[in-house]
Structure formats: C-alpha cells, structure tokens
Amino acid sequence: MSLTFYYAPMSTASITEAVLAELGTPCERMKLDLSAGDTRKPDFLKVNPNGRVPTIVHEGMPIWESSAITMYLGEVFGVDAKLYPAPGPKRGEAMKWIAWSNVMLAEAAGRLSASLPTNSEGAVQPNSLDWVDPDQRSASALEKAKADIAVCLKILDGGLEGKSFLLGEYSLADTHLQGFVGWISTMEVSLAPFPNVTGWLKRCSERPALAKLMAG
Ligand SMILES: N[C@@H](CCC(=O)N[C@@H](CS)C(=O)NCC(=O)O)C(=O)O
C-alpha cells in the first residue's frame, strides 16, 4: 500500500489532514510551500496539473479535489473503520454533504475571503489570500458572499436539526464540513444565528483526532 499526501499548512489540505487523522491511515507526507510557488513547479504539476493541494497519490493514482479525496479515502479506508457508510442511501447522504460543501459553501467562502483585505494590506482577519486583484473587490461582492454563506449555513443548520452529526453518527462528512465551517468562522461571519451548527462544530472539535490536530 502506498499513499502520498501533498499538503500545505493552513490550506484546503487541512481537510484531508483531518480525514487522514480520523482514519489513522499511514502516508508519506509531502509539504509544499505555497508562498515559494511549490504548487507551480513542474514536478508537482505532473501530479496535479491544477497546481493545488490537497492532492493524494494512492497506489500510483493521483487524486485531487478535496471532496473527491474525502469520498475516496472514505470508500477505501473508512467503511471498516465505521467512519463512512457502505454503498447505499447513507453513502449518498455523505456524498451529498461533502460535494455540497465544496460547490456551494466553499465557493461562497472563497468569494468572501477574496473580498476581504489581504494580510499585506493589514487585514485583521487571517484570510491572507492574495489571489484577487484589489480592483476586483467591492463592498457588494463582500455582502453577496456573506448572504450566500448565510443561506448555506441555514441549510446546514436544518440538516443538523435533531441530530448530533450529519448522518446521525459521526462520519467523514462531518470531518470534511467542519474544516470549511471552521475556516468561515475565522472570517467576518457569525455562527451564532445557527445553533445546530455551533453545537455540532463543538462536538466535532471534541473528536480526539481533531482536537490533537488543532492543538498542533
Ligand atoms: N477545489 C480545490 C481547492 C484547492 C485549493 O484551492 N488549494 C489552494 C490552497 S487553499 C492551493 O493549493 N493553492 C495553490 C496555488 O494556487 O498555487 C479543493 O477543494 O481541493
């Protein structure tokens, strides 16, 4: 079995890091320095032509996109570990939340992050993404991103109604989503109007594997 994990600290790769920590799956870790342009170097582009982390290579097969990686690791390692459902409706429910979090929630969060001042401009919030031209930022883009995030959080809050975790029992769907929601909570978004989300996020943070990661 060979599994390589390409990552950068404080990036989307933290989600895969949390998934691997929950699974306890051994892997070779390859740390990339985003500010040094490591993701744009030819050797890495051969593995992931998008030049992004997270990326894993399992048994020689490169897999990119955090949502695909979580679902793949869940399928291969998570079913026996009771962290990912076997094929069937519950598997579909897990995939629904994981895909949704990338396509809807993280998309809006990315716009919000891009709309906030960057660190080099003295940002108060640690958004630090210098990938949007300041001329493209606007107050209306920021407000629209916040409104879209609020819609997503309301959907997540509804999905958690009467449940401890998204599928009832804790699963890698929770591991995956808590990463994005945790990131959002570091930006100018209050989770207070979404009590099911705040309670769930706290329960996720009490998972031993995640608590250990957060403690550094
Ligand atoms: N949709 C991708 C997003 C990955 C992504 O944007 N990664 C950023 C770090 S948060 C990256 O690798 N950036 C490197 C670069 O742009 O050179 C996923 O979910 O895996």
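Report in % the part of the accessible area of region 148-216 that belongs to carbon and sulfur, leaving out ligands and nucleic acids; probe 1.4 Å. It would help to have the intermediate numbers written out before the result.
Values: 1850 of 3100 Å².
Summing carbon and sulfur atoms, their accessible area is 60 percent of the total for region 148-216.
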Listed by chain and number, the residues whose amide H is under 5 Å from that of THR55, excluding neighbours fewer than 5 places away on the same chain and using placed H, are TYR6
In a Gaussian network model over the chain where Cα atoms closer than 10 Å are linked, find which of GLU188, GLU17, GLU65 has the largest mean-square fluctuation.
GLU188
Please list, in chain and number order, the residues 5+ apart from GLU169 or on another chain whose amide H is under 5 Å from its amide H, with Hs placed from the backbone.
none
Diffing region 186-196: the Karplus 3J(HN,Hα) column from phi (6.51, -1.76, 1.60, θ = phi - 60°), in whole Hz with x for Gly and Pro, holds 8, 9, 7, 10, 8, 8, 3, x, 10, x, 5
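Over 24 Å between C-alpha atoms is what I'm after, so list which of LYS90/LYS163; LYS31/LYS146; LYS31/LYS96 land there. Mind dumping the intermediate values first?
On the way: LYS90/LYS163 15 Å; LYS31/LYS146 32 Å; LYS31/LYS96 30 Å.
With Cα atoms farther than 24 Å apart: LYS31/LYS146; LYS31/LYS96.
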Through the Karplus equation 6.51 cos²θ - 1.76 cosθ + 1.60, θ set to phi - 60°, convert the phi angles of region 11-17 into ³J(HN,Hα) values in whole Hz; use x for Gly and Pro.
9, 4, 4, 4, 5, 5, 4
Choose one answer from ALA36, ALA147, ALA68: the residue with the largest mean-square fluctuation in a GNM of the chain with alpha-carbon springs under 10 Å.
ALA36
When the Karplus curve 6.51 cos²θ - 1.76 cosθ + 1.60 is applied with θ = phi - 60°, which whole-Hz ³J(HN,Hα) does each residue of region 96-103 get, with x for Gly and Pro?
4, 5, 5, 5, 4, 4, 6, 7
Check LEU32: other-chain or 5+ apart residues with amide H under 5 Å from its amide H, H built from backbone geometry?
TYR7, ALA8
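The values are calculated or read from the model by the stated rules, or taken from the named source; none is laboratory data. Remember, it's a predicted structure, so these values are computed and weren't measured experimentally. We work out accessible area using only protein heavy atoms, side chains counted, and drop any ligands, DNA or RNA first. Shrake-Rupley method; radii C 1.70, N 1.55, O 1.52, S 1.80 Å.
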